[in-house]
């Protein structure tokens, strides 16, 4: 269901007002780029915490990062890698390296 308010002004035209939703999520995994972007983070696997403390996989995020941020994030994420029985792959069929959610 899509909800928004459409406002029309004779002098300024029309505008759509859409609700903004925010979600607190944690990074639980990442993949590293190859080829031209080697040495950079490719994408992240995000989760949300349930009331019982367990994590629910939410989505994958791979866009909106500068090359410098991708390099910096990869460096930070490599230090956070943990062993995990959980396995997930990205759209390129590359397995995520799991990290401790912080």
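Read the figures in this text as sums done on the coordinates, not as results from a lab. Here the structure is a predicted model, which means the values were calculated and not measured. Neighbour counts run over all protein chains shown; Cβ positions are idealised from the backbone, glycine included.
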Asserting the computed 222 nm helical MRE of the chain (DSSP H runs at least 4 long, -39500 (n - 2.57) per run, divided by residue count, to nearest 500) equals -3500 deg cm²/dmol
Sorted on mean Cβ neighbours within 10 Å (highest first), peptides 36-45, 74-83, 91-100, 5-14 come out as 36-45, 91-100, 74-83, 5-14
Ratio for segment 22-98, C-alpha Rg to 2.2 N^0.38 Å, reads 1.10
Rounded to the nearest 10 degrees, the helix 67-78 long axis (Cα) sits at an angle to the longest Cα principal axis of the chain of 50
Within segment 41-78, the residues whose backbone N lies under 15 Å from a label point placed 7 Å from the Cα of residue 85 along the Cα-to-Cβ direction are 55
